[in-house]
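What follows is calculated from the coordinates using simple rules that are stated; it is not laboratory data. Please read these numbers as outputs of a predicted model, since none were measured by experiment. Here the Cβ positions follow ideal geometry from the backbone for every residue, glycine too, while neighbour counts run over all protein chains shown.
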Ligand SMILES: Cc1cc2nc3c(=O)[nH]c(=O)nc-3n(C[C@H](O)[C@H](O)[C@H](O)COP(=O)(O)OP(=O)(O)OC[C@H]3O[C@@H](n4cnc5c(N)ncnc54)[C@H](O)[C@@H]3O)c2cc1C
């Protein structure tokens with residue numbers, strides 16, 4: 001299938017670009033240090049609300065949720081334009097990308113009314129309670145348990161890596177409600193008020209950005225949750241963990257593709273600098289080889305993304321998702337490592353202009369931070385397993 005933009009797509013792009021030019025917050029706000037992925041400063045709430053009111057927050061959603069029923073091709077244009085301009089549509093990505101669509105798709109009318117619109121309008125912030133010390137890649141092994149007691153669940157257990165938990169108002173938390181069922185069939189999803197007695201968040205520092213504390217251990221001790229906060233049916237939480245993101249998943253590659261492009265452009269900008277041996281990097285044959293190689297990777301990534309998207313539009317299965325996640329996150333990491341090695345000790349200098357892909361920090365911080373891309377949403381090893389089994393047909 002050929003991917004071509006028609007008049008409707010071109011008009012959509014023009015309208016979006018003109019709107020962004022007029023409304024995007026100043027760069028110093030967009031790039032200001034952040035406290036966590038659930039901390040919403042006033043400007044970020046206002047920006048998300050502005051997007052929502054204009055129908056630009058979730059353009060693929062129907063108008064009753066502030067969308068404009070944008071077609072998949074228009075949504076791709078939307079994500080491309082935002083990525084190219086490095087404009088975040090929210091500072092609480094787990095809420096917008098995972099939790100709001102899950103409640104929209106699996107929630108009751110009352111839950112939708114109570115949670116979806118306030119989330120889209122940035123009135124409430126969320127964390128996602130999936131991983132546990134003994135359940136990450138093998139999420140179905142989770143052991144945090146919830147027992148029914150009258151009109152409530154009583155929750156006990158521990159989550160870990162819970163991004164932004166200490167700043168979140170609510171947590172979409174996956175718990176075991178039937179310990180005797182096969183492990184995928186005894187899991188339920190609960191919407192938990194993070195101010196409930198018995199919840200303790202223990203934030204822990206990250207190696208790469210000492211001032212940005214996103215990860216938490218979250219302990220639940222006899223936490224009482226109304227039964228009305230069960231999302232979906234009892235013991236039917238597993239499909240929710242698999243996400244209600246069919247459309248957005250087909251767009252996730254765009255982020256990686258643009259991050260890799262940005263890393264390559266930033267590396268290109270090092271050409272005039274002197275390497276540790278005093279020579280100009282742009283004159284170094286090895287630097288030129290490596291940079292050209294990553295440039296080719298960035299173009300290949302984009303081409304592979306469009307191919308996967310065309311297949312998605314044609315209703316065909318597109319295993320490109322795993323290929324793109326693996327290739328994109330690892331290429332970015334390798335490109336950043338190469339730049340760090342060429343710069344030598346200067347890579348530690350925060351003032352050497354780097355790609356600024358993650359808020360702040362020089363090249364070495366950007367490199368360390370890139371490891372986060374190869375872990376969530378299925379680690380690189382898990383992606384390789386998927387490719388081996390589902391694309392190459394190797395035995396499980
Ligand atoms: C930036 C970031 C944000 C995150 N935010 C959240 C969040 O908000 N909420 C949340 O619940 N979790 C979050 N996580 C956690 C994330 O989902 C887990 O780290 C991830 O699922 C991997 O689980 P694990 O860390 O327990 O590693 P494990 O699953 O214990 O894996 C350890 C190692 O073994 C490998 N491995 C595991 N199984 C296999 C296999 N079958 N075959 C081959 N190799 C295997 C893995 O690839 C990895 O290298 C976040 C993680 C990161 C990095």
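Straightening the chain between residue 289 and residue 303 buys 2.9 nm, computed as 0.36 nm per residue apart minus the Cα-Cα spacing. Once both labels are positioned 7 Å from their Cα atoms along Cα-to-Cβ, the gap between residue 221 and residue 178 label points is 3.2 nm. By definition, a body whose alpha carbon gyration tensor gives a ≥ b ≥ c is oblate when a/c is 1.5 or more and a/b is not larger than b/c, and the stretch 7-120 fits this oblate description. Highest mobility in the GNM of the chain, judged by mean-square fluctuation with C-alpha springs under 10 Å and restricted to 180, 222, 105, is found for 180. According to the calculation over all Cα-Cα pairs in the chain, the P(r) per 20 Å bin from zero is 25, 58, 17, 1 %. Seen from all directions on average, the stretch 250-391 presents a Cα convex hull projection of 8.5 nm². Going by neighbour counts of Cβ atoms within 10 Å, the residues 40, 337 line up, fewest first, as 337, 40. Its DSSP H runs of at least 4 residues, each contributing -39,500 (n - 2.57), put the calculated 222 nm mean residue ellipticity of the chain at -11500 deg cm²/dmol, to the nearest 500.
How would 43, 238, 61 line up from fewest to most surrounding beta-carbon atoms within 10 angstrom?
Exposure proxy ranking, most exposed first: 43, 238, 61.
The antiparallel fraction among DSSP beta bridges confined to the chain stands at about 85%. For residue 148 and residue 391, what does the FRET efficiency come to when R0 = 35 Å and r is the distance between their Cβ atoms, rounded to the nearest 0.05? In this case the efficiency is close to 0.25. Working from Cα pairs under 8 Å separated by at least six residues, relative contact order for the chain is 13 percent.
For the chain, the longest principal axis of the alpha carbon atoms and the long axis of helix 72-85 meet at an angle near 60°. Taking the number of Cβ atoms within 10 Å of each Cβ as an exposure proxy, the fewest-first ranking of 367, 5 is 5, 367.
Structural descriptor for the stretch 1-145: relative contact order 22 percent, calculated from alpha carbon pairs under 8 angstrom and at least 6 residues apart.
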